[in-house]
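The values are calculated or read from the model by the stated rules, or taken from the named source; none is laboratory data. Just so you know, these numbers come straight off a predicted model, no measurement behind them. In this analysis, Cβ positions are derived from the backbone assuming ideal geometry, glycine residues included, and neighbour counts consider all displayed protein chains. Protein only, heavy atoms only, side chains kept; ligands, DNA and RNA dropped before computing areas. Shrake-Rupley method; radii C 1.70, N 1.55, O 1.52, S 1.80 Å.
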Amino acid sequence: MSVKEVFKLDRDTIDDRFRLDGDAGAAYQYFGEGAVGGGFVYTNKRSVSVGVVYRVEDAAAGQTPEATLDAFESHPAVAPLIRGGRRIEYSAHVVPEGGARAMPDLVHDGAVVVGDAAGLVLNSGVHLEGTNMAVESGYHAGKAIAAALADGRSDAEALAAYARDLDQSFVVENLRHYDWFQRTIAADRQFLFEDLPRALASAETEYFKMDRASKDEHTGAARDHLVAAAGGWFGAAKRAWRFRRMLS
Ligand SMILES: Cc1cc2nc3c(=O)[nH]c(=O)nc-3n(C[C@H](O)[C@H](O)[C@H](O)COP(=O)(O)OP(=O)(O)OC[C@H]3O[C@@H](n4cnc5c(N)ncnc54)[C@H](O)[C@@H]3O)c2cc1C
């Protein structure tokens with residue numbers, strides 16, 4: 001689930017704050033805390049969009065989406081980017097994340113289901129793709145509809161080419177590739193969304209520290225932060241095994 005607000009700012013202010021030139025834009029992504037999710041800030045020509053995306057289960061257990069978005073917008077990393085902006089839009093959107101297993105029947109008598117309605121979103125925490133999948137599914141659906149109508153038909157059997165073509169496309173292939181991911185990150189949320197970001201920050205601080213201690217000591221301390229967060233060397237190996245499919 002996602003909630004987003006759009007803040008109106010003039011073009012020069014946006015260019016200055018995001019260090020942009022010409023037609024360039026910027027998109028910043030933030031890793032979540034306390035929920036499986038994150039935040040985003042991106043520039044439009046004369047406005048800036050700010051939002052958070054997280055699992056509905058986390059929303060039910062904790063604060064309201066408005067409070068989560070307010071907290072994100074008040075964060076020192078985000079507040080200066082939108083300071084003085086006039087809020088001109090507020091929206092909420094559900095992001096399907098069931099993957100290939102959660103796809104509904106795509107073809108019915110007189111109807112096909114495409115895009116988000118068909119669950120065609122790859123929301124893996126690493127990738128957030130859906131526009132491309134909506135377009136691709138619309139393309140295959142359009143081809144099947146045109147062929148069916150040319151035969152004077154619109155029943156499910158005549159439209160079945162849509163489901164077959166989609167099944168062979170990058171859309172379903174990519175959804176299958178990440179079928180395991182949502183369950184795995186949800187099961188390891190304490191590590192991924194709380195312990196690991198904190199350990200990375202501490203390790204980085206340690207690694208670049210300049211004082212009278214040797215680099216050996218700092219490197220060792222940085223490594224210890226990471227290994228401890230992962231549950232020791234055995235825990236780190238188990239996690240590397242669990243996430244091996246990200247690289248396969
Ligand atoms: C916060 C967020 C960030 C995202 N980032 C990315 C990204 O970076 N890259 C990417 O590829 N994808 C991204 N996505 C996903 C992408 O936006 C969607 O997958 C894509 O828009 C789906 O297109 P769609 O046409 O299927 O559905 P939608 O874009 O949702 O369009 C459906 C339309 O139908 C309208 N509608 C609904 N009900 C009715 C009704 N009863 N009558 C008439 N109209 C109706 C809605 O108002 C809407 O305009 C993101 C999604 C979110 C929420």
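Any chance you could give the angle, 0 to 90 degrees and rounded to 10, that helix 156-168 forms with the longest Cα principal axis of the chain? Computed tilt is about 30 degrees.
Across the options 42, 54, 13, the greatest Cα extent toward the positive end of the charge dipole of segment 1-91 (unit charges at beta carbon of Lys, Arg, Asp, Glu) belongs to 13.
For residue 47, nonlocal amide neighbours, meaning residues 5 or more places apart or on other chains whose placed amide H falls under 5 Å from its own, are 9. Across the options 193, 237, 213, the greatest Cα extent toward the positive end of the charge dipole of segment 188-247 (unit charges at beta carbon of Lys, Arg, Asp, Glu) belongs to 237.
Annotation: peptides 5-17, 81-93, ranked by per-residue average of other Cβ atoms within 10 Å with the highest first, follow the order 5-17, 81-93. Applying the Karplus relation 6.51 cos²θ - 1.76 cosθ + 1.60 with θ = phi - 60° to segment 5-11 yields 3J(HN,Hα) values of 10, 10, 10, 7, 9, 7, 4 Hz, where x marks Gly and Pro. With r as the distance between the Cβ atoms of residue 30 and residue 228 and R0 = 30 Å, compute the FRET efficiency 1/(1 + (r/R0)^6) and round to 0.05. After rounding, the FRET efficiency stands at 0.80. I'd like the distance between the alpha-carbon centres of segment 46-85 and segment 200-216, rounded to an integer number of Å. If we compute the Cα centre of each part, the gap is 32 Å.
Here the dipole of the chain is about 500 debye; that uses its Cα centre as origin and unit charges on the Cβ of Lys and Arg (positive) and Asp and Glu (negative).
Each Lys and Arg adds +1 at its Cβ and each Asp and Glu adds -1 at its Cβ; summed about the Cα centre, segment 100-179 shows a dipole of about 80 debye. Ignoring ligands, DNA and RNA, what percent of the 1.4 Å accessible area of segment 188-247 is carbon and sulfur? About 60 percent, which is the carbon plus sulfur part of the accessible surface. Surface analysis of the chain yields an accessible area of 59 Å² per residue, using protein heavy atoms and a 1.4 Å probe.
Applied to segment 232-246, the Karplus parametrisation 6.51 cos²θ - 1.76 cosθ + 1.60 on θ = phi - 60° returns per-residue 3J(HN,Hα) values of x, 5, 5, x, 5, 5, 4, 5, 4, 5, 4, 9, 4, 5, 5 Hz, with x for Gly and Pro. Amide H contacts of residue 55 (H built 1.01 Å from N, in plane; Pro and chain starts excluded): 36 sit under 5 Å, all sequence-distant by 5 or more or on other chains. 3J(HN,Hα) along segment 36-53: 7, x, x, x, 8, 9, 9, 8, 10, 4, 10, 7, 10, 9, 9, x, 10, 10 Hz, from the Karplus curve 6.51 cos²θ - 1.76 cosθ + 1.60 with θ = phi - 60°, whole Hz, x for Gly and Pro. Highest average first, the peptides 159-167, 64-72, 135-143 ordered by how many other beta carbon atoms sit within 10 Å of their residues are 159-167, 135-143, 64-72. In a simple Cβ point-charge model (Lys, Arg +1; Asp, Glu -1; nothing else charged), segment 174-248 has a dipole of about 440 debye relative to its Cα centre.
Semi-axes of segment 188-247's equivalent ellipsoid from the Cα gyration tensor, sqrt of 5 times each eigenvalue, largest first, rounded to whole Å? Semi-axis lengths for segment 188-247 are 25, 12, 9 Å.
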